[in-house]
1. Report the relative contact order of the range 96-170, percent, no decimals, based on alpha-carbon pairs under 8 angstrom and at least 6 residues apart.
2. Starting from the 7 Å offset along Cα-to-Cβ, what nm value, one decimal, do you get for the label separation of residue 98 and residue 193?
3. In the range 134-167, which residues have a backbone nitrogen under 14 Å from the label point lying 7 Å from residue 113's Cα in the Cα-to-Cβ direction?
4. What net charge do the residues around residue 179 carry, taking every other residue with its C-beta under 11 Å from that of residue 179, with Lys and Arg at +1 and Asp and Glu at -1?
5. Taking K and R as +1 and D and E as -1, what net charge do the other residues with C-beta under 9 Å from the C-beta of residue 127 add up to?
6. Name the residues whose placed amide hydrogens come within less than 5 Å of the amide hydrogen of residue 203, ignoring near sequence neighbours (fewer than 5 apart) on the same chain.
7. Quick one: putting +1 on the C-beta of Lys and Arg, -1 on the C-beta of Asp and Glu, what dipole do you get for the range 171-250 around its Cα centre, in Debye to the nearest 20?
8. To the nearest µm²/s, what D does Stokes-Einstein give for the range 122-250 at 37 °C and 0.692 mPa s, using the Kirkwood radius over alpha carbon pairs as Rh?
Amino acid sequence: MYVVIVHTYIHNKPTFIHISPLSLHHLPFDFMNSSEMEPRINHLQIESQVHELLDYPVCTNQITSTIYQCSNDYTGEVNNDKEKPYNCPYSGSKCTATGDIRWLLQHLRNDHHVEMHDGRSFSHRYVHHNPKHLHHATWMLTLLDCYGRQFCLYFEAFHLKKTPMYIAYMQFMGDEEEATSFSYTLEISGHGRKMTWQGVPRSIRDSHKTVRDSQDGLIITRKLAMFFSADNTNSKELKLKISGRIWREH
């Protein structure tokens, strides 16, 4: 049984192509006599048939992602973002870890000590003893588990031009398509006033910095945040309670 090795050029680089015995049934064979079972293949037949096997537009493209083979033995490239690993969504420090969702959940719990909270409704209080001197900061990431999926709740301090602000927002641990199946609300209330944000969680394919810079969440100025915190004994201390809810749209 023959194994054919073809020396050719792809992208101006010498390349050896291995044609398995299973592909030999495409080649025209003649036989020396009835008792001889080994096919005899001349060079012109090999060159012609190999050219036909490679004469498919996808075959000359550089393949960089998942490769599939169709029933006609052609190879093709399929870009599937769902198979790409996710970046770690932890916002407290720069983390270069990547992996699938299951692995990232273990990573967040074991390496970043992030706690998981169950349920569709939640309420968290964000505290800082001296927010006046807080320019850029990120509170500990909160993980929420509901509908068999996981969500990341963020709270950050930043400046919008020269105005000190806070932003709260949520991201979905999964791809962008599935993220659109959910909605959420965030709410701050007190002194007869209420601020509510309703939105769709962004996928963690977007970095938390991207979401924050796009202002896709509940935004409140520092002055107003301190007003909502004024029911405590220390009016200079931030104690902002944010409650919310997650639900499935379809």
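1. Relative CO of the range 96-170 lands at 23 percent.
2. 4.5
3. Only 140-141 pass the distance filter.
4. -3
5. That works out to +1.
6. Close amide H contacts, sequence-distant or interchain: 172.
7. Roughly 580 debye, rounded to the nearest 20.
8. Stokes-Einstein gives a translational diffusion coefficient of 217 µm²/s.
No value in this document is a laboratory result; all are computed from the given coordinates. The structure presented is a predicted model; accordingly, all values stated were derived computationally and were not measured. Cβ: placed from backbone, ideal geometry, glycine included. Neighbour counts: every protein chain shown.
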